[in-house]
Amino acid sequence: MRKTTNILSTLFMLFLLSGCQNAEGQADTTELKLAHNQTLDHPVHLSLVEFGRLVEEKSEGNIQVKIFPNGQLGSEREVIELTQTGAIDVTKVSASALEGFASDYSVFSLPYVFKDYETFKKVMNNQKVTDNLYYQTEDMGFIGLTYYNAGTRNLYTKNREVRDVTDMKGLKVRVQPSQTSVQMIESLGGIPTAMAYGEVYTALQSGVIDAAENNETALVGNNHGEVAKYYMYTGHQIVPDMVIMNANTLHNLTAKQQDIIHEAAEKSTLYHEDVWAKSIAEQTKIAKDEMDVKFIEVDKDPFIQAVQPLHKRYSSNEETKDIYRLVQEAILGE
C-alpha cells in the first residue's frame, strides 16, 4: 500500500509539472524527465548533467532534460516502473535493479565474470552484448541507452582483515537484493544479509552485520569508513549503472533526435570515466588519511575457485546461458 501511494504521489507531482510547462507555452519543446538516486556532487549526477547539456545543444534547444536527483521520484524499482509507464522518460539505475525485469542483467552479479575493468569495458563495447541487453526490455516499455562505471565491488569490514577465502567463514555480509549476490557470499563461506543501502552504516555500527561490499565511494560518500576500518581488494563484481529510457518516448522522436539521444548517452559515458576516476582517487585518499581505513590487497585465486560452481550453474541455466556465452565470446574477442 505504501509503495502504491508513493508512486501515485510521484505521478501527481509529474502531472502538475507537465501542466505548468504546457501553461507556459512550451509545446514545441520536448522535455525529458530524468530521475536518479545520487547526490548533486556524485559523478553520476555530473555525467547526467553532461548528457542533458549535449542533448539540448545538439537539438538546438528543442529537447531539454530536467533532472530529479537524490531519489526524489522514488526508489530504483519505483523509477524503473515509472519509466515503463512513461511518467519518467529517462532514469539511471544499477544493473542489479534490472535483474527483476530481465534475467540477463544478473550476469553482472556473477562473481569474477570479469577479470578486471578493462575486460568489463571490452564486453560493454561489444555490440552483440549491448544489443541483447539494451533491447530485450523494449516490450516491457524501456530501452537501455548506455552504461556508467560504478566501480569494482570489494569487501570491507568493521574490525576483521580478510586475506584468504577461509577468513570469510561466518562473516555476516550485507548484499544487494540479488539472488546471485546472496549465492556468492554463501559460496565464499559468509552469511549474506540483504538490506537497503541506507541501512548499512547503522548495521555495521551496531554489529548486525560484520561487513559490506561496494566500491570505494561508500567509505566517504556514505561515511562507512567511520565504522569499517578494513577494505579488501577482492574485486568480486563489476556492476554498472544503466541509463534507460521509455521506449515510446524514444520512438516518438524523429530519427535525427533519436541519434542525438544515443550520441549524447555514449559521450556522457566517456565523460563519466574521467569524473569517476578522479572521484575514486580523491575518496580513497580521504579514507586512508582522514578515516584511517586500511586498504589490503588479497590473492583472488581462492575466491575465484570458490565461486566456480555458480559459473557452472549460470552457464547451463536456460534463462542465463545465452548471455553467459555472449559475454565469454566478447572476452575472447570472438
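Structure values in brief
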{"read-out": "Rounded if a/c under 1.5, otherwise prolate or oblate - segment 163-215, Cα gyration tensor axes", "value": "oblate"}
{"read-out": "Qualifying GluC sites (Glu not before Pro) in segment 92-192, DSSP loop, other Cβ atoms within 10 Å at most 11", "value": "none"}
{"read-out": "Antiparallel bridges, percent of DSSP beta bridges restricted to the chain (to nearest 5)", "value": "55"}
{"read-out": "Segment 163-220: trypsin sites (Lys or Arg not before Pro) falling in loop per DSSP and having at most 13 other Cβ within 10 Å", "value": "Arg163, Lys169"}
{"read-out": "Kirkwood Rh in Å, taken over all unlike Cα pairs in the chain", "value": "20.9"}
{"read-out": "Antiparallel content of DSSP bridges confined to segment 145-229, in %, to 5", "value": "45"}
{"read-out": "Residue among Val175, Val208, Val200 with the largest mean-square fluctuation in a Gaussian network model of the chain, springs linking Cα atoms under 10 Å", "value": "Val208"}
{"read-out": "The chain: DSSP helices with Cα axial extent of at least 27 Å and average Kyte-Doolittle hydropathy no lower than 0.0", "value": "2-23"}
{"read-out": "Segment 174-265, Rg to Rh (Cα coordinates; Rh as Kirkwood inverse mean 1/r)", "value": "1.16"}
{"read-out": "Spherically averaged projected area in nm², based on the convex hull that wraps the Cα atoms of segment 40-109", "value": "5.5"}
{"read-out": "Interchain or long-range residues, amide H under 5 Å from Leu145's placed H", "value": "Val243, Ile244, Met245"}
{"read-out": "Interchain or long-range residues, amide H under 5 Å from Leu171's placed H", "value": "Ile191"}
{"read-out": "Contour excess over end-to-end distance, with Cα ends at Lys128 and Glu297 and 0.36 nm allotted per residue", "value": "57.4 nm"}
{"read-out": "Listed residue pairs exceeding 30 Å between alpha carbons, taken from Lys33/Lys158; Lys58/Lys122; Lys33/Lys278; Lys66/Lys294; Lys288/Lys321; Lys122/Lys256", "value": "Lys33/Lys158; Lys66/Lys294; Lys288/Lys321"}
{"read-out": "Cα centroid separation, segment 155-213 to segment 51-99 (Å)", "value": "31"}
{"read-out": "Max mean-square fluctuation residue, GNM over the chain, Cα-Cα springs under 10 Å, options Pro240, Pro177, Pro302", "value": "Pro302"}
{"read-out": "Spatially proximal lysines relative to Lys115 (Cα-Cα < 18 Å; intrachain offsets below 8 disregarded)", "value": "Lys300, Lys312"}
{"read-out": "Protection proxy ranking of 66-73, 227-234, 51-58 - average other beta-carbon atoms within 10 Å, highest first", "value": "227-234, 51-58, 66-73"}
{"read-out": "Computed over segment 99-177, the ratio Rg/Rh where both radii use C-alpha atoms and Rh is Kirkwood", "value": "1.06"}
{"read-out": "Two-site FRET efficiency, Asn70 against His311, from Cβ-Cβ distance with R₀ of 35 Å, rounded to 0.05", "value": "0.40"}
{"read-out": "Spatial extent of segment 204-334: Rg and Dmax, with the Cα atoms as the point set, Å", "value": "19.9, 55"}
{"read-out": "Heavy atoms of Asp259 accessible to a 1.4 Å probe, total area in Å² rounded to 10", "value": "100"}
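The values are calculated or read from the model by the stated rules, or taken from the named source; none is laboratory data. Keep in mind the model is a prediction, meaning the values are calculated, not measured. Please note: Cβ atoms are built from the backbone with ideal geometry, for glycine as well, and neighbour counts cover all protein chains shown. When the accessible area is computed, the model is the full protein with side chains, heavy atoms only, and any ligands, DNA or RNA have been set aside. Shrake-Rupley method; radii C 1.70, N 1.55, O 1.52, S 1.80 Å.
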